[in-house]
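Engineer: Here it is, the structure in full.
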There are 4 protein chains.
Amino acid sequence: MKKSVGIIGANGYTGSELVRLLAFHPNTELKFLFSRSNSGVKISELYPDLDSICDLVLTNEISETDILFLCLPHKESQNWLNENPVSEETLVIDLGNDFRLGGNFGNRNFVYGLPEIYFNEIQNSKSIANPGCFATAIQLALLPLAKENLLKDIYTTGITGSTGAGQSLQPTTHFTWRNDNISAYKTLNHQHVDEILKQVNLLNDKEVELNFVPWRGDFARGIFTSSIIECHLDLEKIYTLYKDFYKDSLVVKVSEKPIDMKQVVNTNFCVIQIEKQGNKIAVHSAIDNLLKGASGQAVQNMNIANGWEQNLGLNLKSIAF
Amino acid sequence: MKKSVGIIGANGYTGSELVRLLAFHPNTELKFLFSRSNSGVKISELYPDLDSICDLVLTNEISETDILFLCLPHKESQNWLNENPVSEETLVIDLGNDFRLGGNFGNRNFVYGLPEIYFNEIQNSKSIANPGCFATAIQLALLPLAKENLLKDIYTTGITGSTGAGQSLQPTTHFTWRNDNISAYKTLNHQHVDEILKQVNLLNDKEVELNFVPWRGDFARGIFTSSIIECHLDLEKIYTLYKDFYKDSLVVKVSEKPIDMKQVVNTNFCVIQIEKQGNKIAVHSAIDNLLKGASGQAVQNMNIANGWEQNLGLNLKSIAF
Amino acid sequence: MKKSVGIIGANGYTGSELVRLLAFHPNTELKFLFSRSNSGVKISELYPDLDSICDLVLTNEISETDILFLCLPHKESQNWLNENPVSEETLVIDLGNDFRLGGNFGNRNFVYGLPEIYFNEIQNSKSIANPGCFATAIQLALLPLAKENLLKDIYTTGITGSTGAGQSLQPTTHFTWRNDNISAYKTLNHQHVDEILKQVNLLNDKEVELNFVPWRGDFARGIFTSSIIECHLDLEKIYTLYKDFYKDSLVVKVSEKPIDMKQVVNTNFCVIQIEKQGNKIAVHSAIDNLLKGASGQAVQNMNIANGWEQNLGLNLKSIAF
Amino acid sequence: MKKSVGIIGANGYTGSELVRLLAFHPNTELKFLFSRSNSGVKISELYPDLDSICDLVLTNEISETDILFLCLPHKESQNWLNENPVSEETLVIDLGNDFRLGGNFGNRNFVYGLPEIYFNEIQNSKSIANPGCFATAIQLALLPLAKENLLKDIYTTGITGSTGAGQSLQPTTHFTWRNDNISAYKTLNHQHVDEILKQVNLLNDKEVELNFVPWRGDFARGIFTSSIIECHLDLEKIYTLYKDFYKDSLVVKVSEKPIDMKQVVNTNFCVIQIEKQGNKIAVHSAIDNLLKGASGQAVQNMNIANGWEQNLGLNLKSIAF
């Protein structure tokens, strides 16, 4: 029997992307799509690509489901849970950042939903804090080094598509401004830094610093990051270490050839490449910010928590070109 | 048991797009990928997004398969069939334009593979000529009028993504030139005009003219067309007629709201909208040129010819944004 | 001595583009930039590219100037002139559509500011109605035929950059939506149709129809149009006719080779190409919508009305690539 | 009287961009455009935007000129000078990288053509090595720190438009691949690193390292860079230091507000912004790679070497949007 699913905040980008994924998922059934602002409107009115795919009407009423995704603005998940009691049996996956640094909500202990390190914990959990998009791309590039105690201070630049800024109309998402343009934001101060450092410093003996400059890119989907780190190992040994770390992963691919962002756009994959000069390495990583960086990873977590194959419903055709 | 598939010309865009689709298709198994120029190379070396999805090596040897896709440059399919005898039992789907205007090859009578009008013929066929990309988008916009004998002379502009020009490096596919640029090509002289007119004039009593100006767009995937036609029917009646024509279609969606190209990019859907002023209507249509305009439609035809559900393996997540 | 200039609505795209042009114009001096909504703000705060180019502060006070440009939303120029008496000596150039179809304002008789047909009238005028962007691109493609009485019904598709929609944040100018997307708007119903028909029907004996479908393009600057028209002349003769018509033009270039939009982006040029099949021709034209389609043409008109060389201050380096 | 100019390699991007600039320059006259591969072809055939701007025919014959620009592939300038003796009176400006690290050619001692530090040397020189594009953007961001002995190890990411890769058709400049894509190249190994380090280490007491990862961007023009450096000064003091350093510059603008790349595209400006967190600063800089990063800077150098105002012919209208 299929598990029932509710999505809170289904009218946003990550919410609607969950609808796209779950509409074709073999083991789930969408029961309700909650949206305060668009209640009464069909989801396919907001996102016409969903026409004939999902004909649910957005609602402001909640019913009990096996699985609940929270796709709310950051810091609103906790309020929502306060105001809307959820059964202990329900698997809650929060796509906001309320519980990413840990923390409980009543009896719920949120597990950090990065399956590449917390697969076992996710399997037994009813409460999952889905990682941030940059946090996913950057951590996956660093974890193999951290696990071997090889991580030192990190200098990272990352670039993100406009979907990362959501659907609200802003000067920095105005087509005329953003087209063919590059700019920096939240320089050395992005909210994902703490999330990343928490995880890598748990593994690495020596505490490290992350100096991260995020850029706005002139494309809609995707994240590409390059991290420079001091490292005295041979490149070949570094690759061995990365390939070992990800040897069982169905999602992270370690490449010895040049990678590009578009090879993972519209998929749940992460691809990583490493280059070396002198005693410095650069680790490049790329994901789709809405999939492995948000809704795809949420489905991956849902699969694992239910004991299903982790890529169920995630065999997505890449955009490729 | 799965049907075996061979792809001739698997190294090109339509060939590799078939690989992306068939890698996840439940009823088929890729047996060989033929490429003269890239024989010995893994398909995933050419298209790194296919890494871990398809690990076949391109070959210049052919073996017998249940299904054979020809993804050759236009006018080379016939030569290929001459040089490479294919069992009569094999379903041959030609993505080139050799047989689109009809014509036999030995005992093979090629059916025109537009399922929206030739569903029955495709069901019993072993030889299918897959329509052209613009031909698909424009015909689907015109057929309901032609069927009712309402079609008059047509004035169409269509715009196509760069993937329509294939993977060869040309001045008009140089990023520096094409980015933010629009240009016309094959003005009033595109090879798909005959293909379109043949079909619409079969249905429409009065023979009509198609004046078609194709444009190169500054995007990779997609086709958008607008056709202006004299029409004295009420818009409401026109919509009734279109909706009737496509009432059983799982692929063509008739919309009374504004459509945009991206709502069908990375899917096998076609979306159509009609607007009217005075005695003129404009019919807009949009498809993904590589999917409903090529490889997706080829898979749809394969499904129908095999008696499978026509959308099998074609439940694709749209790029959406 | 330099002529003084005031700009009403200087905070918008056409207003700021005028600032860019006039900041380097040898015969003018910017005296004030009027903006109700941004009064007190430096223009370079709104448009940082103007930093060190123009340090004027937007004001809501008006003083007398030799030249006044109105860059207001459509239909607001007339109101503005009602509320703000302007000296009869002042050259008023209206970039809105209030006076494009003719009409007086008090003693002011507005001349239609298309220098390619009204050069003489513009020379003696104090009141100029600057043409619309699509109106300019399409008329320049049609006028030589109209003058020879060769114009018949016209079927036009045109595509415009996002700057045509101004700086207001709208769903259709949201980067995520517009990037890689094409859509139609105001189908067969664009406000420039009347403006175009008025001019071409003045020249052509037989009244013609214009069926025009405008598209939104995924670029910021530029317009490209293709018009299909019945024409029984040889292509060579048509070219002779076009080249004669524009033989003295410093702005319109007639090309026998393929044209592309980007060759005129960031310039005041218009480029035109003609192709023929059977008894139909397609006339392609391209301009920069903010320059020859708005502020560049306004400066050209200002030059002519002042008896200056018409390209003064308009020798702009093209973006080229 | 105007100075005569010859351009060697006028058929490439930097060569044709020089033509665009010099066609409107008040003190120069283009005498010949040398191109071996396109000899006999009008420059406006290759670059149609130059039609009616420059009607010179590319030639393979050389005559004496006051000024000579070398726009050859890297490492070919020296060969060219060997084979083509140039009068000692001729001002030679080399846009290649043959002489950027110093070096003589016969009696010619090449000055490094970064006017922001070598203005005086350029004034008296007949031989100028024009800096690289990334080298210009990154140095201008670092020099004020180096001059104060404050520079420490540098971690830089920079992104460049496709024009940086020239006009040759390559897989990485194929529109289909590059559109909406990001990738790294020459990681930690770009040829401009030595050029940058030579200059900054001349100023800074302590030798520093530059760890530079260049990215390919999905736009045609522009460079944006972010450099992370340890710095214990207050942000206010850092800004004072930068503003002092550039107080006489007509080209470099120091901004305390967020900058974006497009504000300098199609201009000869460089814009710089600094941000600080803890003991780390990030210095952002942006230029147009073909102007301040190549041909614009070459004209600036020409102006200075001739004793003309340095921005002569460089008052370019920005693309702005």
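Engineer: Can you find, among A:HIS74, A:THR136, A:GLY161, the residue farthest towards the positive end of the dipole of chain A? Put +1 on the C-beta of Lys and Arg, -1 on that of Asp and Glu.
Structural biologist: A:GLY161
Engineer: How many nanometers, to one decimal and shortest first, lie between the label point of A:SER168 and those of its other copies, if labels sit 7 Å from Cα toward Cβ?
Structural biologist: Label point to label point, same position, other copies: 2.1, 4.8, 5.0 nm.
Engineer: What does the charge add up to near A:SER63, with Lys and Arg as +1, Asp and Glu as -1, over the other residues with Cβ less than 13 Å from its Cβ?
Structural biologist: Neighbourhood net charge equals -3.
Engineer: Next question, about the same structure. Out of segment C:9-95, which chymotrypsin sites (Phe, Trp or Tyr not before Pro) are coil in DSSP terms and have no more than 13 other C-beta atoms within 10 Å?
Structural biologist: none
Engineer: Which value, in debye to the nearest 20, describes the size of the charge dipole of segment A:175-321 about its Cα centre when Lys and Arg Cβ atoms bear +1, Asp and Glu Cβ atoms bear -1, and nothing else is charged?
Structural biologist: Roughly 380 debye for segment A:175-321.
Engineer: If the label point is 7 Å along Cα→Cβ of B:LYS257, which residues in segment A:16-32 have backbone nitrogen under 15 Å from it?
Structural biologist: A:16
Engineer: Please report the accessible area of B:LYS31 (heavy atoms, 1.4 Å probe, ligands and nucleic acids excluded) in Å², nearest 10.
Structural biologist: 100
Engineer: Scattering from the C-alpha atoms of segment C:133-289 alone, worked out with Debye: what is log10 I(q)/I(0) at q = 0.09, 0.15 1/Å?
Structural biologist: -0.28, -0.77
Engineer: Here is a further query. How do A:SER63, B:SER44 rank by accessible surface area computed with a 1.4 Å probe, from largest to smallest?
Structural biologist: A:SER63, B:SER44
Engineer: Can you give the accessible area buried between chains A and D, summed over both chains, with a 1.4 Å probe, in Å² to the nearest 100?
Structural biologist: Using a 1.4 Å probe on protein heavy atoms, the buried area is about 3300 Å².
Engineer: Quick one: which bits of segment D:128-171 get at least 10 Å² less accessible when the partner protein chains are in, versus the chain alone, with a 1.4 Å probe?
Structural biologist: By number: D:TYR155, D:THR157, D:ILE159, D:SER162, D:THR163, D:LEU169, D:PRO171.
Engineer: For C:LYS3, list long-range residues whose amide hydrogen, built 1.01 Å from N in the peptide plane, is under 5 Å from its own amide hydrogen.
Structural biologist: Long-range HN contacts for C:LYS3: C:THR28, C:GLU29.
Engineer: Can you pull the semi-axes for segment B:3-109, root of five times each eigenvalue of the Cα gyration tensor, sorted largest first, whole Å?
Structural biologist: Value: 23, 14, 12 Å, ordered largest first.
Engineer: Distances from B:ASP194 to the same residue in each other copy, label points 7 Å out along Cα→Cβ, in nm, shortest first?
Structural biologist: Those label-point separations list as 4.7, 5.9, 6.9 nm.
Engineer: Might you tell me the accessible area per residue for segment B:3-109, computed with a 1.4 Å probe and given in Å²?
Structural biologist: In whole numbers, segment B:3-109 has 42 Å² accessible per residue.
Engineer: Give a residue-ordered list of calculated ³J(HN,Hα) values for segment A:190-207 (Karplus: 6.51 cos²θ - 1.76 cosθ + 1.60, θ = phi - 60°; whole Hz; x for Gly, Pro).
Structural biologist: 6, 5, 7, 4, 4, 4, 5, 5, 4, 6, 6, 6, 5, 8, 7, 4, 8, 5
Engineer: Considering only protein heavy atoms, with the full assembly of protein chains and a 1.4 angstrom probe, order A:HIS192, D:HIS74 by accessible area, largest first.
Structural biologist: Order by accessible area, largest first: D:HIS74, A:HIS192.
Engineer: Let me ask something additional. Mind listing which GluC sites (Glu not before Pro) in segment C:212-303 are in a DSSP loop and have 16 or fewer other Cβ atoms within 10 Å?
Structural biologist: C:GLU256
Engineer: Here is a further query. If you place +1 on the Cβ of every Lys and Arg and -1 on the Cβ of every Asp and Glu, how big does the dipole about the Cα centre of the protein assembly as shown come out, in debye to the nearest 20?
Structural biologist: The calculation lands at about 0 debye.
Engineer: Moving to a separate point now. Once phi is turned into ³J(HN,Hα) by the Karplus curve 6.51 cos²θ - 1.76 cosθ + 1.60 with θ = phi - 60°, what whole-Hz value does each residue of segment C:166-183 show in order, with x for glycine and proline?
Structural biologist: x, 8, 6, 7, 10, x, 7, 10, 6, 3, 4, 7, 7, 4, 6, 10, 9, 7
Engineer: Here is a follow-up. On a 0 to 90 degree scale, rounded to 10, what angle separates helix B:296-305 from the longest Cα axis of chain B?
Structural biologist: It is inclined by approximately 80 degrees.
Engineer: How are the Cα pair distances of segment A:177-241 distributed, in percent, across 10 Å bins from 0?
Structural biologist: Percent of Cα pairs in each bin: 16, 37, 30, 15, 1.
Engineer: Roughly how big is chain A's charge dipole about its Cα centre, with Cβ charges of +1 (Lys, Arg) and -1 (Asp, Glu), in debye to the nearest 20?
Structural biologist: That gives a dipole near 400 debye.
Engineer: All other residues with a Cβ under 14 Å from the Cβ of D:VAL19 taken together, and with Lys, Arg as +1 and Asp, Glu as -1, what is their net charge?
Structural biologist: -2
Engineer: Right, here's the next one. Whose amide H sits under 5 Å from the amide H of D:ILE287, counting only residues 5 or more places off or on another chain, with H placed in the peptide plane?
Structural biologist: Result for D:ILE287 returns D:ILE223.
Engineer: Separate question: What angle do you read, to the nearest 10 degrees and between 0 and 90, between the alpha-carbon axis of helix A:133-147 and the longest principal axis of chain A?
Structural biologist: For helix A:133-147, the angle is close to 40 degrees.
Engineer: Average partner chain C-beta neighbours within 10 Å, per residue of C:278-287?
Structural biologist: 3
Engineer: Moving on to the next point. On alpha-carbon atoms, Rg over Rh for chain B using Kirkwood Rh?
Structural biologist: 0.96
Engineer: Provide the percentage of antiparallel DSSP beta bridges, counting only those with both residues in chain A; round to the nearest 5.
Structural biologist: Percent antiparallel among DSSP bridges in chain A is about 45.
Engineer: Could you compute Rg(Cα) / (2.2 N^0.38 Å) for the protein assembly as shown, with N its residue count?
Structural biologist: Against the compact-globule rule of thumb, the ratio is 0.94.
Engineer: If you plug each phi of segment C:89-103 into the Karplus form 6.51 cos²θ - 1.76 cosθ + 1.60 with θ = phi - 60°, what whole-Hz ³J(HN,Hα) values come out, in order, with x for Gly and Pro?
Structural biologist: After applying 6.51 cos²θ - 1.76 cosθ + 1.60, I find 6, 6, 6, 9, 10, 9, 8, x, 9, 4, 10, 6, 8, x, x Hz.
Engineer: State the percentage of accessible surface on segment B:235-314 attributable to carbon and sulfur atoms; use a 1.4 Å probe and exclude ligands, DNA and RNA.
Structural biologist: 47
Engineer: Now for a different question. Can you list the distances in nanometres, one decimal and ascending, from the B:LEU233 label point to the identical position in each other copy, with the point 7 Å along Cα to Cβ?
Structural biologist: Reported distances to equivalent positions: 3.9, 6.8, 7.5 nm.
Engineer: If you don't mind, there's one more thing I want to ask. What ranking of D:TRP308, A:TRP215 comes out by heavy-atom accessible area, probe 1.4 Å, highest first?
Structural biologist: These residues rank, largest area first, as D:TRP308, A:TRP215.
Engineer: Okay, moving on. Tell me the mean residue ellipticity at 222 nm calculated for chain D from its helices only (DSSP H runs of n ≥ 4, each -39500 (n - 2.57), averaged over every residue, nearest 500).
Structural biologist: -7000 deg cm²/dmol
Engineer: Counting Lys +1, Arg +1, Asp -1, Glu -1, what net charge surrounds C:TRP80 among other residues with beta carbon under 12 Å of its beta carbon?
Structural biologist: Local charge sum for C:TRP80: -2.
The values are calculated or read from the model by the stated rules, or taken from the named source; none is laboratory data. These figures come from a predicted structure and were not determined experimentally. Reconstructed Cβ throughout: ideal geometry from the backbone, glycine too, with neighbour counts over all protein chains shown. SASA here: full protein model, heavy atoms, side chains in, ligands and nucleic acids out. Shrake-Rupley method; radii C 1.70, N 1.55, O 1.52, S 1.80 Å.
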